[in-house]
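The values are calculated or read from the model by the stated rules, or taken from the named source; none is laboratory data. Everything numeric in this text was worked out from a predicted model, so none of it was measured. Positions of Cβ are backbone-derived with ideal geometry, glycine not excepted, and every protein chain shown enters the neighbour counts. To get the accessible areas, we keep the full protein, side chains included, count just its heavy atoms, and leave off ligands, DNA and RNA. Shrake-Rupley method; radii C 1.70, N 1.55, O 1.52, S 1.80 Å.
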Amino acid sequence: MRVPATSANLGPAFDCAGLALTLHDDVEFAVTEAGLAVEVSGAGAGELPTDASHLVVRAFRAACDVLGWSPPGLRVRARNGIPQGRGMGSSAAAVVAGVVGAFELCPGVDVRDDDAVLRLATELEGHPDNVAPCLLGGATLSWMGESGARAVRLPVAAGVHPVVLVPAATLSTHVARGLLPDAVPHADAAHAAGRAALLVHALTCDPGLLVEATEDRLHQRQRAAAMPGSAALLDRLRAAGHAATVSGAGPSLLVLTAGTAGTGDVTSLTPDEWDVYPLEVDGDGARVLREAPGVSSA
């Protein structure tokens with residue numbers, strides 16, 4: 001199974017917009033006769049658990065409980081390309097991989113129900129903004145309805161190229177959310193609503209408006225104290241005319257360039273110790289290849 005990195009919020013669309021990126025975790029599942037074996041390589045190797053507490057395993061077993069299926073044993077091999085704790089959806093990718101893996105391997109499931117996968121993965125992750133693009137691919141808008149999480153895909157305009165800038169530091173989503181105020185001024189709420197609506201138009205039809213469309217007053221400046229280097233670089237990029245945002249909870253930044261020519265300027269403004277990922281929009285989302293009975297990988 002291949003699951004993409006994601007960037008949530010995209011500036012003003014806090015907790016509802018997300019974008020799938022061409023940076024991936026590859027996860028292989030196999031039903032075995034007994035026991036649990038977990039192997040991790042790539043990002044997080046030596047740091048992530050290799051027992052039942054691994055997030056992929058927890059999500060897989062939660063989905064098995066929902067499906068009423070109890071496999072005798074499980075082997076998981078994760079080759080991670082998504083940086084951990086950087087605001088690129090690593091936890092959402094793990095959750096989606098685990099839930100989709102269970103749906104694909106469960107003998108009682110003939111056709112995967114992506115609506116059910118989205119609802120369960122959101123329950124496990126806590127919010128759908130990263131889960132939706134990871135599952136569905138492309139750009140997504142997500143929200144919570146009476147029956148749980150829902151999402152729609154948006155067609156991204158040709159010529160939009162995401163660049164992700166990743167510092168060495170990490171920042172937990174829990175810490176970042178703890179910095180947000182309980183209330184915001186009405187003017188800031190109105191500004192966010194207008195920019196979020198404009199973001200849909202800019203992302204799908206008119207990338208020339210992305211700089212204005214990614215302006216935010218709800219969460220980025222409120223979290224600046226926890227990531228001063230990211231905040232300073234964000235200001236520098238936007239002053240230079242780039243549609244830069246904090247990626248998810250940070251500390252990584254996402255820059256939506258409207259052509260490959262902008263990538264070089266973004267790189268020149270970025271400190272040497274940061275990693276620069278020139279990426280594309282991943283249109284596939286979670287992708288599965290069944291190699292043999294009881295095995296799911298890609």
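What is the sum of charges around ARG75, taking Lys and Arg as +1, Asp and Glu as -1, for the other residues whose C-beta is under 9 Å from the C-beta of ARG75?
Summing Lys/Arg as +1 and Asp/Glu as -1 gives -1.
Percent of accessible area on the chain owned by carbon and sulfur, 1.4 Å probe?
Heavy-atom surface of the chain belonging to carbon and sulfur, 1.4 Å probe: 52 percent.
Determine the percent antiparallel among the DSSP beta bridges restricted to the chain, to the nearest 5.
Rounded to the nearest five, the antiparallel share is 85 percent.
Which Cα, out of LEU48, HIS127, VAL99, lies furthest along the positive dipole direction of the range 36-128 (beta carbon charges, K/R +1, D/E -1)?
LEU48
Build a GNM of the chain with springs between Cα atoms under 10 Å: which of GLY11, GLY248, GLY126 gets the top mean-square fluctuation?
Among GLY11, GLY248, GLY126, the largest GNM mean-square fluctuation belongs to GLY126.
To test your reading of the geometry: what angle, between 0 and 90 degrees and rounded to tens, separates the Cα axis of helix 228-239 from the longest principal axis of the chain?
The angle comes out near 60 degrees.
Solvent-accessible area per residue for the chain at a 1.4 Å probe radius, Å²?
42 Å²
With springs only between Cα atoms under 10 Å, which of LEU165, LEU198, LEU136 fluctuates most in a Gaussian network model of the chain?
Of LEU165, LEU198, LEU136, the most mobile in the Gaussian network model is LEU198.
Relative to the first principal axis of the alpha-carbon coordinates of the chain, what is the inclination of helix 90-105, with its axis defined by its Cα atoms, in degrees from 0 to 90 and to the nearest 10?
Relative to the chain, helix 90-105 is tipped by roughly 30 degrees.
Under a 10 Å cutoff between Cα atoms, tell me which one of THR257, THR204, THR122 has the largest fluctuation in the Gaussian network model of the chain.
Of THR257, THR204, THR122, the Gaussian network model singles out THR204 as fluctuating most.
Roughly how many whole Å is it from the C-alpha centroid of the range 63-142 to that of the range 45-60?
For the range 63-142 versus the range 45-60, the Cα centre distance is 14 Å.
The chain: longest stretch without exposed GluC sites (Glu not before Pro) (DSSP loop, at most 14 other Cβ within 10 Å), sites themselves excluded?
Here the longest run is 147-272.
Roughly how big is the chain's charge dipole about its Cα centre, with Cβ charges of +1 (Lys, Arg) and -1 (Asp, Glu), in debye to the nearest 20?
About 200 debye.
Tally Lys and Arg at +1 and Asp and Glu at -1 over the other residues with C-beta under 15 Å from the C-beta of LEU135: what net charge comes out?
Result for the neighbourhood of LEU135: -4.
May I ask for the angle, rounded to the nearest 10°, between helix 55-67 and the longest principal axis of the chain, with both axes built from Cα atoms and the value confined to 0 to 90°?
Between helix and principal axis, roughly 60 degrees.
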